[in-house]
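The values are calculated or read from the model by the stated rules, or taken from the named source; none is laboratory data. As the structure is a computational prediction, the values presented were derived from the model and not from experiment. Cβ sites come from the backbone with ideal geometry, for glycine too, and all protein chains shown count toward neighbours.
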Amino acid sequence: MQERVPLTEREVNRDLLRPVFTTPLWWWAAVGVLSVAVAAGLGSALYLAINGFGVTGYNRPVMWAFLLVNFVFWVGISHAGIMLSAILRLTQAEWRRPATRAAEVLTIFSLLTAAQMPLWHVGRVWRIYWVFPYDFGRGIWPNVRSPLIWDPSAIFTYLTSTILFVYIAMLPDIAVIRDRATGWRQGFYGVLAMGWRGTPRQWHLQAVSGILLSAIILPIFVSVHSIVSWDFGVAVAVEGWHATVFAPYFVIGAVWSGVAGVITLMALMRWLFKAEKYIRAEHFDGLGKLLSVVGIGWWFFTLMEIIFSLYSKEAAEVSFRTLQMFTWPYNMLFILFFLTGFVFPVTLFLSRTVRHNIAAMFWISIFVNIGMWLERYMIIVPGLMRKQGLTFTWGSYSPGATETILVGSTFAMVALGLLIFSKFFPLIPLSDAKEGEVLRHEIQVGKVKVPAIIREA
Amino acid sequence: MVTTRVRHKWGMVVDLDRCTGCQACVVACQAENNIPINLEQHFLQRRAIEWIRIERYWEGLEEAEKTGDLSKVKARFIPILCQHCENAPCEPVCPVYATYHNNEGLNVQIYNRCIGTRYCVNNCPYQVRFFNFWQPTWPESLHNQLNPHVTVRTRGIMEKCTFCVQRLRKGGRKEVQEGKRLDDKEFDAQSGMFAPACARACPTDTLVFGDMNDPNSRVSTMAKDNRNYKLLASIGTEPNVIYLKKVDLDASDAATH
Amino acid sequence: MELTRRQLLKLTGLGLGGVLYTACTYDLSETRVESPTHIPEDLVAGLDTWYATLCRECGASEGIIVRVMEGRAKKIQGNPLYPTNTGKHRPGCEGALQALYHPDRLAGPLRRMVKGVGQSFEPTTWSLALEELSSQLAKHQSDPRSVVIITDPLRGSAADLMQRFATSYGARHVVFEPAEQTVLYETTKRLYGSEQLPHFDIANASSVLSFGADFLSTWLNPVGYMRQYGQFRQGTGRKRGRLVHVEPRFSMTAANADEWVPVNPGMEGVLALSMAYVIVSERKGDQSAADALTGGAGADALRAFRPGDVASVTGVPAEKIERIAKEFADHQPGVVIGGGSAGAHTNGLFNLSAIYSLNLLMGNTNKRGGVWLNPQAPLPELRAQATATPLGQWQPLIDDMKAGRVQMLIVRGADPLYGIPKALGFEAALSKVPMVVSFSSFMNDTAVYADLIVPEHTGLEDWGNDVPQPGPGFQTVGYQQPVVREYHERERLQADRGSRGFADVMLALAEGLPKVQQALPWKTSREMLMDSARKLQGLGKGSVVAASFDRFWIDLLANGGWWDTSATSTATPPKPSALPTQRRDPQFQGAGAEFHLMPFASNAMGDGRGAHIPWLQAAPDPVTTAVWGTWIEINLGVAKEMGIKEGETLRIISPAGEIEAHAFPHPAIPRNVVAIPMGQGHRQYGRYAQERGANVLSILAPAADADTGALAWAATKVRVEKTGRRIHLPKFEGTVELPTQLEEGAIIKTTKPV
Ligand SMILES: Nc1nc2c(c(=O)[nH]1)N[C@H]1C(S)=C(S)[C@@H](COP(=O)(O)OP(=O)(O)OC[C@H]3O[C@@H](n4cnc5c(=O)[nH]c(N)nc54)[C@H](O)[C@@H]3O)O[C@H]1N2
Ligand code: SF4
Ligand code: SF4
Ligand code: SF4
Ligand code: SF4
Ligand code: SF4
């Protein structure tokens, strides 16, 4: 569109590989700060593992809290990568190009972070491998009826396929770096490039596997958050969790928060890597449009969940909802959730001016994720506080320092992962950008020009 | 030998009209089952462990406030222990089979298998599962009291009422030795040496334990009482603990609550 | 042979296949290092033995059986044979185990070399300690009244021994019990002409009307009462009994009653007489008893107690008095029980006499479902009883102590410094006594003042016997035997330290005192018990009969005692004397203060004896679910008006002192009453009790029952002030305030009686 400037391959290479070959001071500073935060998080995780859950704010009956909230949150964020890459690739949305890599890598790091949460969350970390079919010899076999067995399977499948997906898409870029690198880097990238020479056959295979992987990953992506939702959905004992609508509700919520996460990331990349030429307002515009639909859809499910649960007017449900929405301090959290998770973003995303204002998009996307973190909290914690009609045992929860630090540091973990990744690989795909340049078209639709949809090889 | 003997199916009847809330069952269970000492801090942290607990519900508060007649206030007591559900929601969610149903109707907990996900406790509607937030410790001299037939649990795992399985096992061993089913009296709370500690202590005979498979046992007979009901029956957990309704002169039978 | 590449690959493949094959067909069970698939309790290890004995954790002293493995006691259960508790027990009973193995139990005698609190104790040996005791006793033989022995209430052989010791030596023996039963004993004596407390046949009664006696928690013989209460509610072959409970506090008995009648403190007697008025005027009672009780004047004699006239002073509406009286009279047989706070007023004897007269009015003595008189113990030496010394008689003793007229004070089984109202000045008097000896196995408040501590065995290590009070309606003697080797045996054998039985020590001391030795012809307490057992054997009846004494002795110990269900009381109660025609109102100390202070025994820890047991500290109070501390029950509405929230630290000020406790706004305590549990506020008493909470007994004003001189522990009025501090009240229930049940799917379902 209007901001787009034609670029030569040379320029593309120079711009996009700059972060790989030069290391600005801010990078070191950021890595330093984030490492300290990550170290603090891992330190508190170890402290927790060594001393046990006594050091947290967990209690009876709130036995799942901050760590599990954070788990669901990061699994949710991880959904953006596939959402953008696979769906947009299959539907051949042209504007996806600069966004895909970052989104996919965000998936990897948020998944790795998410996977840590259940690890620190169990009482005996050193036995966590028992959830894998590993130790039949000693009569340890996993219980396939348990969602906690589905979870690791789903997440590791998702993680594996995402890594593959990223890797295959990145092959041509790795080859470019290999060709420019010297010394040990040459060997390193040489091995990773697996002999990529850019022959037509290699391009063909790469494109086909990209499409195939997209098609395979899509059901995985739907299943992962469905399964995460079933951790809660199958729990007959917790009224606030036991809802059939959870799977689609969680999946669309994941897309909502994940794509918002991609916006945050893209804004940051644009500023940090000076990638204005590649990440342009049109991309924010596209994502904003997409999100306003997703956001409304997600809100529909939120309403459905509340309406369905209140329809029966069961006393325990009603008291759970009363707590969640009208009782101090949860009413404040609920209002905050409602405003940041729905009202602000959806209304603002409807405005074209806002969609083209990158700073605004950045802040709104942060809002969405504040709202979405709260959403998970509002489901998990008050649900446990008001379990069944045993009002005598109903309780409350306030997080302890240990889990708060750990949860806080997960944001640093993801950021650090992305920063370090950016040091080794371009966050904006070179080949895609070039391909986009080659296939660039705009077509007039009514008054506006939109990026053309082009058949890929 | 007793290979052909009919299996037991253990169950309990709790007659709410008898329970005074005296806590004898609670302390008896603590003593029998090596339950960690609940210090003040554990209560403040809301992590006290009581495999059987007495819940106390207030009633008539509004009426008392309206009329100023305090005698309208009622306190109701109910002992709650693991219901040993036939269809136990805690069981399928455990990823490592640390909790399962045995062939005598018990929901058993295998401590050394549990990894501490705390999923089972979320999915137990009765809130009778307890997580060891801290490593249980006793002053050295108190180790002398610990029951050698019961494991001392470690931190990070789940524990709960076992229907005093160690006592039932001893009864079972006697059955093997004698080659016959033991009389229900041996497991009965009145004087049976194999009856669970809580039932054996209960001074009002609120807790009646026995074999549901034996049609003549006290527990089977009482389970048929027309005051019987199951706790949170609508969830469909099919508990092996049957409650008998509290009798109240002011109860309106239509709304049986 | 040349090996081609192809061959090599083939062979490798075959080899791998073979290894895989064997590996896969290998019996998995053999590789199993440890199979975590069984609940460890599946494996039964070792055999245990159960021994019968008596519990010494509270005054009821019930029959228990103790599970012993490898010489260690593991579990306590009720003795199914023992008549008063028939196999059951209360929370307190398990405490004996933790007392036995308590980490802060004294491991041997301690001597203070320099007199004075704060001076340190030094370990000493039994021989030195006994030597010193003997020489002191010999020294004071010339002025025997300067030797004072304080014990808990004693029964059976222990009481006999103490009586013989004290009489032959000439020492003063005083008996301490924080909430003394003096008034109850006096009432029984006056109304029934019996020294024995009666047995209430609750199990067979149609209705029970109780005044002040928290018999479903701590009063007298709670296990026996609860046992019967179960029957009373849902026993087979009977209609469900009705319980009406009158008390100014919402006790456990109140909580379990069909109807709780909050009454103005001290007005229980007036209320009872008002009910008597209704019963007499409706001619519902026993006619001849009614005539005797009214001096032949009929209801007219009681007109001062017409419901309409006493409604305002008692705080109970006239219609309610009438209805309850009529319902009680219509649902016979019925028992009337009185005690607890009803007898703990300045008009205590008036109250209890009036209450128990209702029994006489209904003519229920020695009848099924009524009040059974207890027979005398089968042997004269077992009839001895050391019941509490009324508060009125403590003042002269304390004066003597202050004046230096007491040279030696021996304290056993009691912690008077903890329990006696501060105002009496016992603490100051204690420091004036040159030689204070404590038999406590824990450093308790009184022991802190001791010069010599000679720790006695705990109940599970000692010998003894007991004639239960109240008995089960027939002759019963319980026998107590050591069920484990004493915990500090090694110290005793190797270092002449450890613990010893109280009776054995007294017998050892008697050896140096010729006069006393004559009165105590036994070497050891076991011998003393065997002596009484021989006589029991000689009766040739009852639950244990044997030709040889050895057999008898073994059976006696194995059964936990001897009883004869056919040996019931033969005494005929005297003709009732006329009821008072005028009200006798209670007097309160603390004029102008707005709240009546109702101290109450903690359900698990009793009057404080069980405070050192962590299980009992952690056993939630049934009604408030509070643990590990001292709370004050204050009316919810009053608390709201005063701006008091749960856990707020309140200062409770009485004429005798002040303490602090944490507020529990209670929905069912009258507006003019506050209640505080006994049991906490020990200065010492081991790590679990020390400096925990406050001691409500310490702020009781020294009011006494006008007739018996017994401590009127419910006659203090207090002021309540906020301190501005607040804590989280440690308690078991969740964080929902005053949890009630949800409208639907109630947890506790109820139904109408059929
Ligand atoms: N409760 C109970 N007590 C019993 C028995 C019983 O069955 N139950 N059985 C009785 C019998 S039959 C016996 S033989 C005794 C055995 O009694 P112990 O001789 O006490 O036997 P263990 O406990 O097996 O082992 C003694 C110690 O030797 C150490 N040890 C192992 N290998 C070596 C080594 O190469 N060098 C050295 N220096 N130390 C080593 C072990 O780690 C262990 O700490 O117990 C007797 N006592
Ligand atoms: S009561 Fe709870 S722990 Fe027990 S079997 Fe049922 S679901 Fe499981
Ligand atoms: S806490 Fe233990 S028993 Fe419960 S679900 Fe997790 S592993 Fe299973
Ligand atoms: S049956 Fe045994 S384990 Fe269960 S509550 Fe009773 S005493 Fe405890
Ligand atoms: S021991 Fe019996 S009466 Fe006492 S609280 Fe337990 S169940 Fe109720
Ligand atoms: S009621 Fe008292 S005497 Fe009886 S067993 Fe319990 S503590 Fe012991």
Per the filter on segment A:340-368, residues of a type outside the set (A, V, I, L, M, F, W, C) and within 12 Å of A:ASP285 (Cα to Cα) are A:SER351, A:ARG352, A:THR353, A:ARG355, A:HIS356, A:ASN357
Considering only segment A:245-273, state which residues are more than 17 Å from A:GLU375 (Cα to Cα) and either in a helix (DSSP H, G or I) or without any contact (Cβ under 8 Å) to a residue 12 or more places away in the chain (or both).
-> A:VAL262, A:ILE263, A:THR264, A:LEU265, A:MET266, A:ALA267, A:LEU268, A:MET269, A:ARG270, A:TRP271, A:LEU272
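Considering each of B:GLN83, B:GLN23 in turn, give the residue that is modelled with pLDDT of 95 or more and either away from chain A (no Cβ under 14 Å) or within 16 Å of ligand 6 (Cβ to nearest atom) (or both). Show your work before the answer.
Numbers: B:GLN83 fails: either away from chain A (no Cβ under 14 Å) or within 16 Å of ligand 6 (Cβ to nearest atom) (or both).
So the residue among B:GLN83, B:GLN23 that is modelled with pLDDT of 95 or more and either away from chain A (no Cβ under 14 Å) or within 16 Å of ligand 6 (Cβ to nearest atom) (or both) is B:GLN23.
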If you scan segment B:186-221, which residues turn out to be part of a helix (DSSP H, G or I) and either in contact with a His (Cβ under 9 Å, 6 or more places away or on another chain) or crowded, with 21+ Cβ neighbours inside 10 Å (or both)?
-> B:PHE187, B:ALA197, B:CYS198, B:ALA199, B:ARG200, B:ALA201, B:VAL219
Counting only residues that are more than 7 Å from every other protein chain (Cβ to nearest Cβ) and part of a helix (DSSP H, G or I), which one in segment B:141-172 is farthest from the chain's Cα centre (by Cα)?
-> B:HIS143
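Tally the residues that are aliphatic (A, V, I, L, M), more than 7 Å from chain A (Cβ to nearest Cβ) and away from ligand 4 (no atom under 16 Å from the Cβ), restricting the search to segment B:96-135. Talk me through it step by step, then tell me what you get.
Filtering segment B:96-135 for residues aliphatic (A, V, I, L, M) gives B:96, B:98, B:106, B:108, B:110, B:115, B:121, B:128.
Filter again for more than 7 Å from chain A (Cβ to nearest Cβ), leaving B:98, B:106, B:108, B:110, B:128.
From what is left, the residues that are away from ligand 4 (no atom under 16 Å from the Cβ) are B:98.
Here the count works out to 1.
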Which numbered condition B:PHE77 misses (of (1) outside any helix (DSSP H, G or I); (2) within 12 Å of ligand 2 (Cβ to nearest atom)) = (2)
Would you tally the residues in segment B:89-101 being more than 10 Å from ligand 3 (Cβ to nearest atom) and either buried (at least 23 other Cβ atoms within 10 Å of the Cβ) or assigned to a strand (DSSP E or B) (or both)?
-> 1
In segment B:212-239, anything more than 16 Å from ligand 2 (Cβ to nearest atom) and touching a helix residue (DSSP H, G or I) at 6+ places or on another chain (Cβ under 6 Å) is listed as B:ASP214, B:SER217
Would a scan of segment A:60-79 turn up a residue that is in contact with a strand residue (DSSP E or B) (Cβ under 8 Å, 6 or more places away or on another chain), within 21 Å of A:TRP373 (Cα to Cα) and not basic (Lys, Arg)?
-> yes
All positions within segment B:33-54 that are away from ligand 3 (no atom under 16 Å from the Cβ) and either among the hydrophobic types (A, V, I, L, M, F, W, C) or under 13 Å from the mean Cα position of the chain (by Cα) (or both) = B:ASN33, B:ILE35, B:ILE37, B:LEU39, B:PHE43, B:LEU44, B:ALA48, B:GLU50, B:ILE52, B:ARG53, B:ILE54
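Listed residues A:ILE217, A:ILE177; which is of a type in the set (Val, Ile, Thr), over 24 Å from the mean Cα position of the chain (by Cα) and crowded, with 19+ Cβ neighbours inside 10 Å?
On the way: A:ILE217 fails: over 24 Å from the mean Cα position of the chain (by Cα).
The unique qualifying residue is A:ILE177.
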Yes or no: B:THR20 surrounded by 23 or more Cβ atoms within 10 Å (Cβ to Cβ) and away from ligand 4 (no atom under 11 Å from the Cβ)?
-> yes
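Could you please let me know if B:GLU32 is in contact (Cβ under 8 Å) with a residue 24 or more places away in the chain and either touching a Lys or Arg at 6+ places or on another chain (Cβ under 8 Å) or more than 29 Å from B:ASP250 (Cα to Cα) (or both)? Spell out how you get there, then give the answer.
Details: in contact (Cβ under 8 Å) with a residue 24 or more places away in the chain: yes; either touching a Lys or Arg at 6+ places or on another chain (Cβ under 8 Å) or more than 29 Å from B:ASP250 (Cα to Cα) (or both): yes.
Yes, satisfied.
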Out of (1) more than 7 Å from chain C (Cβ to nearest Cβ); (2) in a helix (DSSP H, G or I), what's the single condition that is false for B:ILE35?
-> (2)
Restricting attention to segment C:274-315, which residues are among the charged types (D, E, K, R) and surrounded by 15 or more Cβ atoms within 10 Å (Cβ to Cβ)?
-> C:LYS284, C:ASP286, C:ASP291, C:ARG306, C:ASP309
Out of all the residues in segment C:50-95, which are more than 16 Å from ligand 4 (Cβ to nearest atom), closer than 16 Å to B:ALA197 by Cα and not in a loop (DSSP other than H, G, I, E, B)?
-> C:TRP50, C:ILE64, C:ILE65, C:VAL66, C:VAL68, C:ALA73, C:GLY92, C:GLY95
So which pairs qualify, if the first residue must be in segment C:50-78 and within 17 Å of C:TRP463 (Cβ to Cβ), the second must be more than 15 Å from ligand 6 (Cβ to nearest atom) and aliphatic (A, V, I, L, M), the Cβ gap must be under 7 Å, and the two must be at least 6 apart or on different chains?
-> C:TYR51/C:VAL68; C:ALA52/C:LEU557; C:ALA52/C:ALA558; C:VAL68/C:VAL484; C:ALA73/C:VAL484
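Here's the yes/no breakdown for (1) out of contact with any Phe, Trp or Tyr (no Cβ under 6 Å at 6 or more places or on another chain); (2) over 27 Å from C:ASN366 (Cα atoms); (3) in contact (Cβ under 8 Å) with a residue 60 or more places away in the chain:
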position: C:HIS457; (1), (2), (3): yes, yes, no
position: C:TRP463; (1), (2), (3): yes, yes, yes
position: C:VAL467; (1), (2), (3): yes, no, yes
position: C:PRO470; (1), (2), (3): yes, no, yes
position: C:GLY473; (1), (2), (3): no, no, yes
position: C:VAL483; (1), (2), (3): no, yes, yes
position: C:GLU489; (1), (2), (3): yes, yes, no
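Give the residues of segment C:367-403 that are surrounded by fewer than 18 Cβ atoms within 10 Å (Cβ to Cβ) and assigned to a loop (DSSP other than H, G, I, E, B), sorted by residue number. Explain how you work it out, then say what you get.
We begin by selecting, within segment C:367-403, every residue surrounded by fewer than 18 Cβ atoms within 10 Å (Cβ to Cβ); these are C:367-368, C:380-381, C:383, C:392-393, C:395-396, C:399, C:402-403.
Once the filter is applied, which keeps residues that are surrounded by fewer than 18 Cβ atoms within 10 Å (Cβ to Cβ) and assigned to a loop (DSSP other than H, G, I, E, B), segment C:367-403 yields C:LYS367, C:ARG368, C:ARG383, C:ALA403.
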Identify, please: which residue in segment A:95-126 is surrounded by 20 or more Cβ atoms within 10 Å (Cβ to Cβ) and of a type in the set (D, E, K, R) and is, among those, nearest to the other protein chains (Cβ to nearest Cβ)?
-> A:GLU104
Across segment A:117-149, the tally of residues that are closer than 25 Å to A:GLU403 by Cα and outside any loop (DSSP other than H, G, I, E, B) stands at 15
Does B:ASN107 satisfy the criteria of being closer than 24 Å to B:PHE187 by Cα and within 21 Å of the chain's Cα centre (by Cα)?
-> yes
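Counting just the residues of segment C:90-119 that are among the aliphatic types (A, V, I, L, M) and buried (at least 17 other Cβ atoms within 10 Å of the Cβ), which one comes out farthest from the other protein chains (Cβ to nearest Cβ)?
This residue is C:LEU110.
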Among what's in segment C:560-600 and is β-branched (Val, Ile, Thr) and in contact (Cβ under 8 Å) with a residue 12 or more places away in the chain, pick the residue that is surrounded by the fewest Cβ atoms within 10 Å (Cβ to Cβ).
-> C:THR570
Among the residues of segment B:221-243 satisfying the criterion of being more than 8 Å from chain C (Cβ to nearest Cβ) and aliphatic (A, V, I, L, M), which is nearest to the chain's Cα centre (by Cα)?
-> B:VAL241
